[in-house]
Amino acid sequence: MVPFAGYELPVQYAGEGGGVMKEHLHVRADNSAGIFDVGHMGQIKWHGKDAAKFLEMVVCGDIASLKPSEGKLSLIMNESGGIMDDCVISHTTEDYIYMVVNGACKHKDMAHFEQYLSADGFGRGLDVGMEYMHEQQLLAVQGKGAARALQDLAPELKVSAMNFMTSTLATVAGIRGCRVTRCGYTGEDGFEVSVEPTQALGLLDALLQQESVKVAGLGARDSLRLEAGLCLYVVPPCVVLGVPACICVVCLLLSLSPQLAPSDPLHYHYHHYYYPLLPPTAATATTWTRAPTRRRAR
């Protein structure tokens with residue numbers, strides 16, 4: 001167990017199937033799925049007729065055009081146009097917009113939102129309210145066997161008919177009101193299931209009763225992301241050492257060397273988190289488009 005964003009989270013699990021390598025390979029295997037405890041992430045409901053209008057002031061993307069049940073990956077922006085965090089935003093069939101932000105950034109993100117919801121912010125006068133679901137739990141079921149594992153527990157839900165980045169309320173393992181979103185961030189097909197805190201262990205137990213489903217920790221989560229070429233929220237050497245990004249030798253090599261293309265999206269990610277005024281190089285822009293094309297899930 002390690003401290004992470006104010007929580008204690010497992011790097012890996014014990015037992016015959018435990019360990020970063022085994023957990024990683026299980027998620028990648030055919031007809032298998034891994035469960036990740038992502039309850040530390042921030043889940044937010046946005047209420048009011050101006051919710052989409054307000055969100056379009058603080059995130060990058062067309063939120064108002066999302067159809068009911070549709071969602072998208074977006075970026076929370078600062079005043080300079082730099083990236084503060086990434087998030088998933090879903091237009092629910094209920095009377096709210098559902099957002100999931102990263103656990104390490106959620107309090108910073110919400111303070112940013114509240115700044116603009118205040119009497120002095122550009123959200124003043126808008127019919128919009130933010131509800132932080134601070135006790136709500138979230139389980140990510142990831143892998144080629146995720147759809148089958150979830151379908152067995154939710155017979156009324158047509159899992160095969162759910163497109164990527166769609167969301168709906170469903171009864172899962174007899175638990176009513178679970179929000180099921182087809183997404184994740186492992187490079188595999190998968191689902192995130194939002195559940196009431198009192199029901200989370202029951203849902204986990206029901207999933208683990210299936211032989212194809214096993215738990216996975218932070219180590220496998222990060223290795224799966226790295227293998228798929230997905231960005232990670234980490235600090236580059238130039239930030240740790242206090243070196244300006246434009247003269248950081250490591251970052252300069254990453255941006256200029258075609259041989260380091262797999263790492264280049266990370267360079268792009270770093271500088272747009274910490275140095276929003278530094279434009280990506282031509283090499284960065286080129287290699288970003290060549291990043292692996294696995295289905296992107298959070």
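The values are calculated or read from the model by the stated rules, or taken from the named source; none is laboratory data. From a predicted model like this one, the values you see are computed outputs, not experimental measurements. As a convention, Cβ positions derive from the backbone with ideal geometry for all residues, glycine included, and neighbour counts pool all protein chains shown.
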- Query: So which residues in region 116-140 are surrounded by 14 or more Cβ atoms within 10 Å (Cβ to Cβ) and not aliphatic (A, V, I, L, M)?
  - Reply: Tyr116, Gly121, Gly123, Gly129, Tyr132, Gln136, Gln137
- Item | Residue check, Arg148 assigned by TED's automatic domain parsing to the domain that holds Gln209 and of a type in the set (Lys, Arg) | yes
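Quick one: which of Gly81, Gly71, Gly15, Gly39 is out of contact with any helix residue (DSSP H, G or I) (no Cβ under 6 Å at 6 or more places or on another chain), part of a loop (DSSP other than H, G, I, E, B) and either among the basic types (Lys, Arg) or under 24 Å from Cys178 (Cα atoms) (or both)? First the steps, then the outcome.
Numbers: Gly81 fails: either among the basic types (Lys, Arg) or under 24 Å from Cys178 (Cα atoms) (or both); Gly71 fails: part of a loop (DSSP other than H, G, I, E, B); Gly15 fails: either among the basic types (Lys, Arg) or under 24 Å from Cys178 (Cα atoms) (or both).
Answer to the selection: Gly39.
Scan Thr186, Thr198, Thr181 and give me the residue that is within 24 Å of Ala5 (Cβ to Cβ), polar (S, T, N, Q) and free of Cβ contacts under 8 Å to residues at least 12 places away in the same chain.
Working: Thr186 fails: free of Cβ contacts under 8 Å to residues at least 12 places away in the same chain; Thr181 fails: free of Cβ contacts under 8 Å to residues at least 12 places away in the same chain.
Being within 24 Å of Ala5 (Cβ to Cβ), polar (S, T, N, Q) and free of Cβ contacts under 8 Å to residues at least 12 places away in the same chain holds for just one of Thr186, Thr198, Thr181, which is Thr198.
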- Test set (1) more than 28 Å from Glu196 (Cβ to Cβ); (2) surrounded by fewer than 17 Cβ atoms within 10 Å (Cβ to Cβ) - Val11 fails condition number: (1)
- Which pairs have Cβ atoms under 6 Å, sit 6 or more apart or on different chains, and link a residue in region 211-240 that is at pLDDT 95 or above to one that is surrounded by fewer than 17 Cβ atoms within 10 Å (Cβ to Cβ) and not in a helix (DSSP H, G or I)? Ser212/Asn31; Lys214/Gly17; Gly217/Val11
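With Gly129, Gly125 as the choices, which residue is out of contact with any helix residue (DSSP H, G or I) (no Cβ under 7 Å at 6 or more places or on another chain) and without any contact (Cβ under 8 Å) to a residue 12 or more places away in the chain? Full working, then the answer.
Working: Gly129 fails: without any contact (Cβ under 8 Å) to a residue 12 or more places away in the chain.
Going through Gly129, Gly125 in turn, just one is out of contact with any helix residue (DSSP H, G or I) (no Cβ under 7 Å at 6 or more places or on another chain) and without any contact (Cβ under 8 Å) to a residue 12 or more places away in the chain: Gly125.
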